[in-house]
Amino acid sequence: MKILIVGSGGREHALAWRLRQSSRVTDIVCAPGNPGIASVARCENVVADNIEGLVALAKIERPHLVIVGPEVPLVMGLADKLRAADIPVFGPSAKAAILEGSKGYSKDFMAKYGIPTAAYGRFTDTAKAKAFLDGFKPPYVLKADGLAAGKGVVIAGTRAEAEAEINDMLGGKFGTASASLVIEEFMEGEEASFFALCDGDTAVALAGAQDHKRVGDGDTGPNTGGMGAYSPAPILDAAMQRVVMDTIVEPTVRGMKAEGRAYSGVLFVGLMIADGKPRVVEYNCRFGDPECQVIMARLKDDPLPQLLACATGGLAGCARLERFSDPAVTVVMAGAGYPGEPKKGGVIGGLDEAGKVPGVTVFHAGTAKKGEDIVANGGRVLNVTATGPTLREAVDRAYQAVGKIDWADGFCRKDIAWRALNRG
Ligand code: AMP
């Protein structure tokens, strides 16, 4: 079978790497890919938001399945256009990807279907938004309605900060993405990510993970795309996964079908868990990055049959992905300056040595090839991923591999998985 993967990050490298191990996969094409992906797939230079270019590529390649990594092409309707060309695709339609594409829509949807989440209001008017803050104590949670490259959520510590942010957002800080905003209750608890596979009718649990959003050790400093992740997440044990499926995932899939927006692909639910009760922080319509890397590293069963069933139906009759290896962790190496302007162009050595540490795979995120060298070409550059008999050993292996990477401008957090390790 031929697979076309859309995207260029560590998430897409992990998907390509895992599918390369499938006995049923003969060809993998990735658009646009990166130098790491090029070792397991053929890369074609069409970027992930060039919808017409991707459809044209798919019509030439005629893959048996297209897997869309990032959210932007899904919200832009890539899956719809591929389906119209009779090409099976893993990823929701634009009508279903609205769960991620509009925070306001997702809040109204959850309210309608009784799915647990924070209390909220939606606003386009500055004065009304500010008045709504009266109902809450700080910190205040403000969210741009649309996609804002992961920067659209602001947790304001004071009323003055919240009001300034309301002015900025409704004043066009994120363009049309913040023409409307959601203000919601701040939820206390432990965050975790849960992933379920869906075919429009049926949802099956895949796995849980936890990531580290802040740039600095001890979860300090500004938010990033994610500085590391691990799976399983101890808080998402089998009983909690059942609660999440019963109270969140299944009502979501049923509700989306009832709305005429049947959801297929992976449903990624960001959760806040307190007193044994999970509530939704946000929905995402694709795999998390870096959570995908740890889930792919752990999967012992070939995921292809389930991914295909998500695209074409019949997930209920498909064998479950039940065999997971030991814990996995990924440590993100980023360029100095990230999440601000990262230093680019530095040569990265030691990748082969790092990949020889037992259980370790180094996924490329923001790399480029310059002559024979691999150079840094983004904020998050490498995802050093390790499995181990215990989470502790997985973490030690990942950092051992990080130590073998020779990249003057690179840095990483030194405490990935601290929360799970501290649980003992
Ligand atoms: P989101 O993009 O919606 O996941 O928000 C980014 C981060 O902001 C989340 O990972 C949470 O850490 C935090 N956050 C968002 N909404 C809330 C909330 N209602 N209460 C507490 N923290 C939140």
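Sparsely packed loop sites in the stretch 286-338 (the trypsin sites (Lys or Arg not before Pro) outside DSSP H, G, I, E and B with at most 15 other Cβ atoms within 10 Å) comprise K300, R320, R323.
Taken about its Cα centre, the stretch 300-424 carries a charge dipole of about 300 debye when Lys and Arg each add +1 at the Cβ and Asp and Glu each add -1 at the Cβ. Using only side-chain charges placed at the Cβ, +1 for Lys and Arg and -1 for Asp and Glu, the dipole size of the chain relative to its Cα centre rounds to 400 debye. Counting only Cα atoms, the size of the chain along its three principal axes is 58, 47, 42 Å, in decreasing order. Of the solvent-accessible surface of the chain, computed with a 1.4 Å probe over protein heavy atoms with every protein chain present, carbon and sulfur atoms account for 51 percent. Each 5 Å bin from zero holds the following percent of Cα-Cα pairs in the stretch 257-391: 2, 9, 12, 15, 16, 17, 13, 9, 5, 2, 0. Helix-only arithmetic for the chain: the sum of -39500 (n - 2.57) across DSSP H runs with n ≥ 4, divided by the residue total, places the mean residue ellipticity at 222 nm at -8500 deg cm²/dmol. Per residue, the accessible area of the stretch 47-137 comes to 42 Å², computed with a 1.4 Å probe over protein heavy atoms only.
Electrostatic tally near A127: other residues with Cβ closer than 14 Å to its Cβ, Lys and Arg +1, Asp and Glu -1, net -1.
Between the stretch 259-285 and the stretch 58-84, the C-alpha centres lie 23 angstrom from each other. Accessible-area rank, largest first, for F136, F363: F136, F363, with all protein chains present and a 1.4 angstrom probe. Can you tell which of G349, G114, G371 shows the greatest fluctuation in a Gaussian network model of the chain with Cα springs below 10 Å? Of G349, G114, G371, the most mobile in the Gaussian network model is G371.
Measuring between their Cα centroids, the stretch 192-223 and the stretch 353-424 lie 19 Å from each other. Its Cα centre serving as origin, the stretch 324-383 has a Cβ charge dipole (Lys and Arg +1, Asp and Glu -1) of approximately 200 debye. With a threshold of 22 Å on the Cα-Cα distance, the over-threshold entries among K103/K128; K59/K103; K369/K414; K107/K143; K112/K143; K2/K344 are K59/K103; K369/K414; K2/K344. Note on the stretch 24-110: dipole from Cβ charges, positive end direction compared against P92, N45, C30; the farthest Cα belongs to P92. Of all the options G200, G355, G53, the one that moves most in a Gaussian network model of the chain with Cα springs shorter than 10 angstrom is G53. The residues packed around A205, meaning those with a beta-carbon under 9 Å from its beta-carbon, carry a net charge of +2 if Lys and Arg are +1 and Asp and Glu are -1.
Computed over protein heavy atoms with a 1.4 Å probe, the accessible surface of the stretch 275-424 works out to 41 Å² per residue. Largest GNM mean-square fluctuation across A56, A328, A398, computed for the chain with C-alpha springs under 10 Å, falls on A56. Over the stretch 181-272, accessible surface divided per residue gives 32 Å², non-protein components excluded, 1.4 Å probe.
Counting only DSSP beta bridges whose two residues both lie in the chain, roughly 80 percent are antiparallel. T367 sits among other residues whose Cβ lies under 12 Å from its own Cβ, and their net charge, with Lys and Arg +1 and Asp and Glu -1, is +3. Rounded, prolate or oblate: which fits the stretch 233-329 when a ≥ b ≥ c are the square roots of the eigenvalues of the alpha-carbon gyration tensor, with rounded for a/c under 1.5 and prolate only if a/b beats b/c? Oblate.
The values are calculated or read from the model by the stated rules, or taken from the named source; none is laboratory data. A quick note: this is a predicted structure, and the numbers were derived from the prediction, not measured. Using ideal geometry, Cβ is built from the backbone for each residue, glycine included, and neighbour counts are taken over all protein chains shown. These accessible areas exclude ligands, DNA and RNA; they are computed on the full protein's heavy atoms, side chains included. Shrake-Rupley method; radii C 1.70, N 1.55, O 1.52, S 1.80 Å.
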